Structures are given as structure tokens and as C-alpha cells.
Amino acid sequence: MYAFIERYSISANVQAASFLFYVIIISIGAIMNAYVLYRTKRLHRRDPEQFRNGIGICLCILAISDLVALLALLMHFLMLSCGVYIPELVLDFLCKTTISLSHTAYTQSMWCWFFMSALRFIATSRPLQYTTLWRLPYLMIGVSFAGSIIINSWLIVGVHSEQGKCALHFSLPTRVYWILHVLVSFVIPSVLVIYMDSSVLCCGIRTKYSDPMLQIVINRPCGEKKKLIRRFLMITISSLVFNAPENLIRFLAASGGDVTFFKQIPYWFVQISQCLYFSQFAFNAFYLTTFVYEKSLMSKTNSSRQLSMSFRQRLEENSHLIRERANTVSYRATSPMPVLVRNSSCCALDRLVPQKHWL
């Protein structure tokens, strides 16, 4: 996908195998990401608040980003096949658009992973604060999207068409861009994701809440929670491994100085790194379709409602204590009114004057 790859002598068999692999990845990834979008659309239709305030919006944007990256890869292969027949001005525009969209989608995808890990971390360590979040994922995704566009805007200037292909020469501004891109799109979100998922795993193993009201957010059995968290961590690390080789090459290219530096890198390593890099967009969809998030997503309204129900349930369960306390409270009985003995004068007065005329 970059100019230095053309320096290698590539056999026809390797090109055919690579093309077949990318076709499979694009087909499977597009279908699975479309299925994820269908599920998130159902979630949004059923509970819009749950979609905006939980990880539903993160899943939707992650699927859209992966789908855009796969479509950009497909467009790139079409330009490689038909580049000689496309006018130079049109090809230059398509190269700038395709490469910038691909890298912007990748940056947004990585930060969506971070947001999902952050929500799991907050739900585990601060469950009551998690129930009070109000459109925080919705707002943060908007900020990350704007940042992704700004960071990758240099590609619109640096990418151009060259002999029917897209090329990006490693000038000084391009090297600065690659370093910034690797740090913002891979290093920072990866470190934060690993830290938060590891913290969730350790917290899930060691923490046992004594108050059942706190279980409204984490309402799974302890063994099932630990198994699910370990699986989350394993899949997250696998996705980061897919990104590591390609980002390592980009970082070395930015700090290596000369384009001929890539002659020291074996071609098979470059090819495998790109295969892993684009495989992640299908792997993310597999991750999203194999885990049912709809049962674990919680709207803030439902959380508050369950909190009230849990509180009422505790009162009902402990009502016998209230009755026992009521029975043990001592009190002084009121003294009866004294009965006065009426003399004969009062009896004579009753016969003569009715009681209503008494003063």
C-alpha cells in the first residue's frame, strides 16, 4: 500500500495469494460488520437512551469504522487493477480520499476499543457512577472522530498518485505524521486498554460487594464474570497483536531516515504485517458478533429503576426486623379515667334538668 513495497520483486503467485486473502477478508468482514450494524440498529430502535449512554454507540461506530476501512481497501485494489485507465487527476483524488479514510477509520476504531474498555472499567470499579453517566460515550466519540480527522489530514496533502499507484514519500512532515499517528492511534489507546482490562480482571477476582444494591450493574455470577473478563482481555490483546507489526514498521520508517531502510526488512514480514493489519477489521466484527452485548448493556433509567427496586426488596426482606424492634419498644400504658361516684344531689338534678342545660 506504500511506495517502498514496490521495490521488492514480487512473484505472480505471491500477488495472487495476497489478492485472494484480501478478497476473503473484505467479504467476511463486510458481512459481519453489516450484521453488527443491524443489531445495533435494533438496540437503538428498542431503547435509544440505552444506545446513546452505553457501549451501543461504541459498537456502532466501531463497526462503521471497520466497514469503511474494508471498503477503502477494496477501492485501493480496484485502483491498482485499473489505475492505468483512470485519468491522473481523478486517480490522485481517489488516492488521497482512500488512504485518508482508511487511516481515519483505523484511528477511530482503536479509540472505540478504548471507550468500551473504559466503560467496563467504570462499571466494575465505580458501579454507582456508571449509572449516572449521561451521554458520555456519545460525546467522547464525537471528540475522537474530530481528532482522528485532524491527525490524518496530512494524508490529503502527502498522498499522490504515481504510475497508476498511490504513493506516500517519507519527507520530514510525513515522518512527523507517522510518529504522531502511531502514538495516538496505537500506543496510547493500547496501553490504556491493557491497563483497564487488567484492572477489571484483578478487580473482578478480588472484589466481593457486601451490599447487594451494587450488584445491579455487575449482575453475573462470580465464576461467569471472571471467565467473561478473561475472554475480553484475550480478544483485546489479540487485536492489539494484529496492529503491532504494521505500526512497528511505520514507526521505524518515521525514525529510520531513508526509504532504502525498508530493504533491510524481509518482504514476508512486510506482507504478513499488512495481512494482520487488515485482518483486524474482520476480527473486530467476529468479536462483536460472537458476544451478545445487548444483555449486558444498561441504560441509566433502567439502572435507577433497578436501584429503587433493590432498595424496596431489601426493606421487604428486613421487615421482620422492623416488627421485632417494634415489639421490643417499651411504652407506658395510659391510665384509665377515674370513675367518680355521683351523690344523691346529682341524681335529683338529672331528673329535674336535662344534661344539655348544664353549665
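The values are calculated or read from the model by the stated rules, or taken from the named source; none is laboratory data. What you are looking at is a predicted structure, and each value in this text was computed from that prediction instead of being measured. In this analysis, Cβ positions are derived from the backbone assuming ideal geometry, glycine residues included, and neighbour counts consider all displayed protein chains.
For the stretch 169-202: of the residues being small (Gly, Ala, Ser) and part of a helix (DSSP H, G or I), which is surrounded by the most Cβ atoms within 10 Å (Cβ to Cβ)?
At the first step, the residues of the stretch 169-202 found to be small (Gly, Ala, Ser) are 171, 185, 190, 198-199.
Restricting the remaining residues to those that are part of a helix (DSSP H, G or I) gives 185, 190, 198-199.
Details: 185: 24, 190: 20, 198: 16, 199: 15.
The residue in question is 185.
How about the stretch 121-168: which helices (runs of 4 or more DSSP H) wholly inside it have at least 3 residues that are within 18 Å of residue 193 (Cβ to Cβ)? Break it down into steps so the answer makes sense when it comes.
Details: elements: 127-130, 136-151, 154-158.
The qualifying helices (runs of 4 or more DSSP H) are 136-151.
Give the residues of the stretch 71-109 that are of a type outside the set (Val, Ile, Thr) and under 17 Å from residue 147 (Cβ atoms), sorted by residue number. Can you show your working first?
Just the residues of the stretch 71-109 that are of a type outside the set (Val, Ile, Thr), to begin with: 71-83, 85, 87-89, 91-96, 100-103, 105-106, 108-109.
The answer is 100, 101, 102, 103, 105, 106, 108, 109.
Out of 185, 171, 148, I need the residue that is modelled with pLDDT under 85 and within 30 Å of residue 80 (Cβ to Cβ). Which one?
On the way: 185 fails: modelled with pLDDT under 85; 148 fails: modelled with pLDDT under 85.
None of the others qualify; the one that does is 171.
Tell me which residues, restricted to the stretch 145-157, are free of Cβ contacts under 8 Å to residues at least 40 places away in the same chain and either among the acidic types (Asp, Glu) or crowded, with 19+ Cβ neighbours inside 10 Å (or both).
154 - this is the single residue of the stretch 145-157 that is free of Cβ contacts under 8 Å to residues at least 40 places away in the same chain and either among the acidic types (Asp, Glu) or crowded, with 19+ Cβ neighbours inside 10 Å (or both).
Might you let me know whether the stretch 112-121 holds any residue that is touching a helix residue (DSSP H, G or I) at 6+ places or on another chain (Cβ under 7 Å), surrounded by fewer than 18 Cβ atoms within 10 Å (Cβ to Cβ) and in contact (Cβ under 8 Å) with a residue 60 or more places away in the chain?
Taking the stretch 112-121 and keeping what is touching a helix residue (DSSP H, G or I) at 6+ places or on another chain (Cβ under 7 Å), we get 112-121.
Restricting the remaining residues to those that are surrounded by fewer than 18 Cβ atoms within 10 Å (Cβ to Cβ) gives none.
No, the stretch 112-121 contains no residue that is touching a helix residue (DSSP H, G or I) at 6+ places or on another chain (Cβ under 7 Å), surrounded by fewer than 18 Cβ atoms within 10 Å (Cβ to Cβ) and in contact (Cβ under 8 Å) with a residue 60 or more places away in the chain.
Just one of 148, 100, 109, 117 is polar (S, T, N, Q) and over 16 Å from residue 69 (Cα atoms); which is it? Spell out the reasoning first.
Numbers: 148 fails: over 16 Å from residue 69 (Cα atoms); 100 fails: over 16 Å from residue 69 (Cα atoms); 109 fails: over 16 Å from residue 69 (Cα atoms).
Every option except 117 fails the conditions.
Using the structure shown, decide if residue 50 is assigned to a helix (DSSP H, G or I), at pLDDT 85 or above and either under 30 Å from residue 140 (Cα atoms) or touching a Pro at 6+ places or on another chain (Cβ under 9 Å) (or both). Spell out how you get there, then give the answer.
Details: assigned to a helix (DSSP H, G or I): yes; at pLDDT 85 or above: no; either under 30 Å from residue 140 (Cα atoms) or touching a Pro at 6+ places or on another chain (Cβ under 9 Å) (or both): yes.
When the stated conditions are applied, residue 50 does not pass them.
Of everything in the stretch 60-70, what is buried (at least 19 other Cβ atoms within 10 Å of the Cβ) and out of contact with any Cys (no Cβ under 8 Å at 6 or more places or on another chain)? Give them in sequence order.
Taking the stretch 60-70 and keeping what is buried (at least 19 other Cβ atoms within 10 Å of the Cβ), we get 60-63, 65-70.
Once the filter is applied, which keeps residues that are buried (at least 19 other Cβ atoms within 10 Å of the Cβ) and out of contact with any Cys (no Cβ under 8 Å at 6 or more places or on another chain), the stretch 60-70 yields 60, 63, 66, 67, 68, 69, 70.
Take the conditions out of contact with any Asp or Glu (no Cβ under 7 Å at 6 or more places or on another chain), surrounded by fewer than 21 Cβ atoms within 10 Å (Cβ to Cβ), free of Cβ contacts under 8 Å to residues at least 60 places away in the same chain and within 20 Å of residue 185 (Cβ to Cβ) and apply them to residue 97. Does it pass? Please lay out each step first, then the result.
Working: out of contact with any Asp or Glu (no Cβ under 7 Å at 6 or more places or on another chain): yes; surrounded by fewer than 21 Cβ atoms within 10 Å (Cβ to Cβ): yes; free of Cβ contacts under 8 Å to residues at least 60 places away in the same chain: yes; within 20 Å of residue 185 (Cβ to Cβ): yes.
For residue 97, the condition - out of contact with any Asp or Glu (no Cβ under 7 Å at 6 or more places or on another chain), surrounded by fewer than 21 Cβ atoms within 10 Å (Cβ to Cβ), free of Cβ contacts under 8 Å to residues at least 60 places away in the same chain and within 20 Å of residue 185 (Cβ to Cβ) - is met.
In the stretch 98-111, is there at least one residue being at pLDDT below 90, within 28 Å of residue 141 (Cβ to Cβ) and assigned to a helix (DSSP H, G or I)? Lay out the reasoning, then the answer.
The initial filter retains those residues of the stretch 98-111 that are at pLDDT below 90, namely none.
Scanning the stretch 98-111 turns up no residue that is at pLDDT below 90, within 28 Å of residue 141 (Cβ to Cβ) and assigned to a helix (DSSP H, G or I).
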